[in-house]
Amino acid sequence: MFARSCSVLCCVMALSACGDGQNDFGRPQGKRAQPVQLVLLEDGRPAPEVLAEEQVVYRGNGEEPETLDPHLAQGVPATRILRDLFEGLTAESAAGDLVPGAALRWNISRDARTYTFYLRRDLVWSNGDPLRADDFVYGLQRAIDPETNSSAARTLLPILNAREVLAGELPVEELGISLLDEFTMQITLTGPTPYFLGLLASPVAFPVHKGNVEALGDQFSKPGNLISNGAFVLTEWTPRVSIVLEKNPRYRQAETTLIERVVYTPTEDRAAEVKQFRSGALDWTNEVPNNQFKWLQANYPDELVTSPWMGSYFLGFNLTQEPFIDNPSLRMALILSVDRQIITEKVTQFGEKPSFALVPPGIDGYVPFSPEYADWAQEERDHEARRLYEQAGYSEENPLRVEIRYNTSDNNKKIALAVASMWKQALGVNATLVNEEFRVFLQNREQKLVTQVFSAGWISDYNDPYSFLEMFRTGHGRNDYGYSNETFDALLDEVGTERVRARRERLMFEAERVLMSDHVIIPIFTYVTKRLVNPHLKGWQNNVMDHHPTQTMFKLKSSEMSSAEKNP
Amino acid sequence: MKQAGVFRHAAVRLLGLIPTLLVLITIAFFLIRIAPGGPFDAEKVLPPEIRANLDANYHLDEPLLQQYFRYLGQIVTGDFGPSFQYKDWTVNELIARGFPVSATIGGLAMALAFVLGTLIGTFAALKQNSVIDYSVMGVAMLGISIPNFVVAPLLILGTAVYAGWLPAGGWDWSWQRMVLPVVTLALPVVAYIARLTRGSMIEVLHSNYIRTARAKGLPERQVIRRHAFKPAILPVISYMGPATAALITGSVVIERIYSIPGLGSYFVQGALNRDYTLVLGVVIFYGIVIVVLNFIVDLLYAWLNPRIRYDEAQ
């Protein structure tokens, strides 16, 4: 793992060497000093003499987190902080791989429905109280308990009886979670759920300190009150200013945790965030503005990091209204005549991958379906599109008039504009753009009365293609397409009960094929994460989930040589 | 006599606050409910069991009128309720943390704008129709015309990113972090006050009593300071009431660009998130601030202008 980051570092050093001669205007002097060469000890840890004296990380974090109650948190900003504060039964490595967390090991029954977890014996809370299996049982029960009012609990529905408990039909004790002894617990599921172990590494499945919650009620997640079991503890929270975490000396891996303090700063405005990074106030940005890519690439090549993310961007058809109801050739014509290459290279520009299917690549080993036209040249696609367009009864004299609807955002607008002009050019379609405030847009999508073509996208909660396919099921709450296909539904049902991984993958692939052959969406691209990272900050790795625990990070000191060269 | 009149006036104004606020609350309450979508609508839809549970716990399943009266009963006790979005905080806590920040920045900006604006305006009025007058007023016009979302990033680039003199944003109550937001907020107000002052100062300087004062042989400096200044800033004072209210309750643009935890963003974020309690709480608070400031402006008026006497109003 570290060997890899070392080789990456060497390339970075080589790159920056060529960059030294270029105009340095606009960069704070000294901030550009290069990190020293990373030296690793035998146990894979960095040598102490290359580490910066002050192991403090400043991370830009997007919106203000809505809560630090692990069972209520849903947004990325909140869950990112909670992953630093707490540890679940399972955990994630820097590369995003599943590793044992509080549980040392586990058994899965033959029918893949019962999981038995064996906890480590030396675990303690940040206040010194022992951490036992009943804390985890209490945590899961609390998350699902209707009294807790958690929306995040929806991801725990695979647990036996969770649905009934949430609906208030069964008491919490009836959940499929049982305590076998002080260090052993068992969770029973309604069906095989391959992503369940990954789910346990997410905040909704974290334990909370029972005495603390019962004594303090909804104040328990405030600084000074919050007791946690992860690598860091909460020390300060000033809303919309910062959240400060400090290393938890009682954490089981405290010895190998190098970062002493993490400062999370909410950054609502992306342009402002980049300025804070450039002035040296941040080591890590949440994002970068879409329109600054070229400039950043030229001026901050060492800092700019982009990496595939498990989300895809597409446009949806409303299949319940004219003109798309029962009109697959028209839909196919519109799908074909979008030049994804131009959109990703000229419009979005951040290295997004053109996409021809629903599920992004790289999710838990799944290889997405690829339609035949994926390999065609764009001229061939346009040619076929024109044929289908005419077959659907449209022509130059009688062009299609259609609305593309999207929620207000620069990127949505640019993409819709590009798509509209591609349709105009290839087919002569008259498309108009309609933008709406987010919740108005969501409601219109849901009602399926005024929508025709609308922007859509999906960033998965967990590392499983099922999360993408699920929303096209008949009657699913997010099925704003009005799509209904018995074969597709039946395939998803089978996915829900299939235990063998390879067979399950084949079923999902088949479902995706059915969906794509029904021309329900216009795939555009799959997402990437994009941010600026201080080159001195190491120990993290790109992964599709975009999870980056601070626990594994460390900061290198600047080499005296290069900083002296920079400041003559 | 005069004292009692002022107090009676104050009492009437404060009583008048109640129906004003009630209308405000009613309109705001129903307007935010008319807006499509609710606080729990998101791209990731909730299973019906969870949705029903949330609605019941927040009383969103009750008839709207019942919710309205429940809310009225609650705010009478001074409790704005919990925020739907920021689950760990009550609306009262958020306002209590946001308002001091906005009030500090807004108050400083207003003070700066008042001092600079009246100085520039007076100066320009004294040099009426000279090159100095035109250039000062030209710059002031620029100040009004350039929006602060252009000024702010430029200031950050210049002073924080390139020069490194000031932090690029964030908040810790230090003066370094206040400089840029205060200046940005003050700029258009300086310009506006300068124009108001200049106009009314020119008018005052042409009035008979100023001519009398000059004829008596008073030095020009005293004429301006003792006789012209007070009447000349009357229009500025009436402008300052609502302007101060707008400044101290926070500006979304300034708060976003400088990452300041003021009150303005809560209003906008609350509306976008359909955070009913937060939006209403901020609206009511904003209403109170405006009414109180207008009242202070009235009192200032009485002090500055002998022609206005509340005890003679009858």
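The values are calculated or read from the model by the stated rules, or taken from the named source; none is laboratory data. The structure displayed is predicted, hence computed values, not measured ones. Counting neighbours? That spans all protein chains shown, and the Cβs are built from the backbone with ideal geometry, glycine included.
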Given the criteria of a type in the set (A, V, I, L, M), more than 30 Å from residue A:529 (Cβ to Cβ), outside any helix (DSSP H, G or I) and modelled with pLDDT of 90 or more, does residue A:359 qualify? no
Within region A:218-238, restricting to residues that are crowded, with 19+ Cβ neighbours inside 10 Å and within 14 Å of chain B (Cβ to nearest Cβ), the one that is farthest from the chain's Cα centre (by Cα) is A:220
In region B:37-53, anything more than 20 Å from residue A:161 (Cβ to Cβ) and not aromatic (Phe, Trp, Tyr) is listed as B:37, B:38, B:39, B:41, B:42, B:43, B:44, B:45
Only one of A:470, A:486 is touching a Lys or Arg at 6+ places or on another chain (Cβ under 9 Å) and either farther than 24 Å from residue A:333 by Cα or modelled with pLDDT of 95 or more (or both), namely A:470
When region A:313-362 is checked residue by residue, the ones that are among the charged types (D, E, K, R), within 15 Å of residue A:418 (Cβ to Cβ) and buried (at least 17 other Cβ atoms within 10 Å of the Cβ) are A:339, A:340, A:352
Picking from A:298, A:254, the residue that is more than 30 Å from residue A:351 (Cα to Cα), among the aliphatic types (A, V, I, L, M) and away from chain B (no Cβ under 14 Å) would be A:254
Every listed condition ((1) away from chain B (no Cβ under 14 Å); (2) farther than 20 Å from residue A:349 by Cβ; (3) not basic (Lys, Arg)) holds for residue A:282 save (1)
Turns out the helices (runs of 4 or more DSSP H) fully within region B:1-90 with at least 3 residues that are within 14 Å of chain A (Cβ to nearest Cβ) are B:2-34, B:48-57
Counted residues in region A:496-514 being part of a loop (DSSP other than H, G, I, E, B) and without any contact (Cβ under 8 Å) to a residue 12 or more places away in the chain come to 1
*Looking only at region A:149-163, decide whether some residue is more than 25 Å from the chain's Cα centre (by Cα) and under 20 Å from residue A:88 (Cβ atoms).*
yes
Note on region B:123-173: residues over 18 Å from residue B:186 (Cα atoms), away from chain A (no Cβ under 14 Å) and assigned to a helix (DSSP H, G or I) are B:123, B:124, B:125, B:126, B:131, B:132, B:133, B:134, B:135
The condition of being out of contact with any Leu (no Cβ under 9 Å at 6 or more places or on another chain) and hydrophobic (A, V, I, L, M, F, W, C) holds, among A:254, A:201, only for A:254
Check your understanding: Looking at residue B:277, is it over 25 Å from residue B:133 (Cβ atoms), of a type outside the set (A, V, I, L, M, F, W, C), surrounded by 15 or more Cβ atoms within 10 Å (Cβ to Cβ) and touching a Pro at 6+ places or on another chain (Cβ under 7 Å)?
Key -> yes
Taking region A:364-375 and keeping only residues that are assigned to a loop (DSSP other than H, G, I, E, B) and surrounded by fewer than 22 Cβ atoms within 10 Å (Cβ to Cβ), one is left with A:364, A:365, A:366, A:367, A:369, A:370, A:371
Apart from one, (1) under 20 Å from residue A:77 (Cβ atoms); (2) assigned to a loop (DSSP other than H, G, I, E, B); (3) at pLDDT 95 or above all hold for residue A:222; the odd one out is (3)
Next on the checklist: Among the residues of region A:225-247, are any farther than 30 Å from residue A:52 by Cα and free of Cβ contacts under 8 Å to residues at least 60 places away in the same chain?
Outcome noted: yes
Does any residue of region A:147-165 turn out to be of a type in the set (S, T, N, Q) and away from chain B (no Cβ under 14 Å)?
no
Scanning region A:447-467 residue by residue, those part of a loop (DSSP other than H, G, I, E, B), closer than 19 Å to residue A:521 by Cβ and modelled with pLDDT of 90 or more turn out to be A:448, A:450, A:451, A:452, A:465
